[in-house]
Amino acid sequence: MLGRTLPGSFASLTDPQTGWTRTVQTESDGTCQFPQVPPASYTVEVSATNFAILKRDNLRLLVNSPTTLNFTTQMRYSFQT
C-alpha cells in the first residue's frame with residue numbers, strides 16, 4: 001500500500017506526565033482529530049491490524065495551533081509452519 005491511507009486504524013494521544021489518554025479511530029480518508037486537547041507534550045501512537053505500531057514522543061501541542069502529523073508504516077508479516 002504505497003502512498004495510501006489506513007482507514008479504520010486507531011490513534012492514541014497520551015500525556016506521559018498525567019497519564020491522560022484519548023484514542024480515536026481514523027476516518028475513511030485516514031485522518032483523525034483530537035479536539036479540545038489541553039496544551040502539553042504528548043506521545044502519539046498509531047496502530048492498524050497487520051501493520052507495525054508507530055510512535056512519536058514529545059509532540060508539543062499548544063492552544064489554537066493545529067498540528068498535522070503524517071505517518072508511514074510497514075506491514076507486519078507472520079509466518080506459520
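Structure notes:
- Only listed residue being modelled with pLDDT of 80 or more, over 11 Å from the mean Cα position of the chain (by Cα) and among the aromatic types (Phe, Trp, Tyr), chosen from Phe79, Phe51: Phe51
- Qualifying position, being modelled with pLDDT of 85 or more, on the phi < 0 side of the Ramachandran plot and under 10 Å from the mean Cα position of the chain (by Cα), among Ser41, Ser12: Ser12
- One residue stands out in region 15-38 among those that are at pLDDT below 90 and among the β-branched types (Val, Ile, Thr): the one that is nearest to Pro66 (Cα to Cα), namely Val37.
The values are calculated or read from the model by the stated rules, or taken from the named source; none is laboratory data. Model, not experiment: these values are computed from the prediction.
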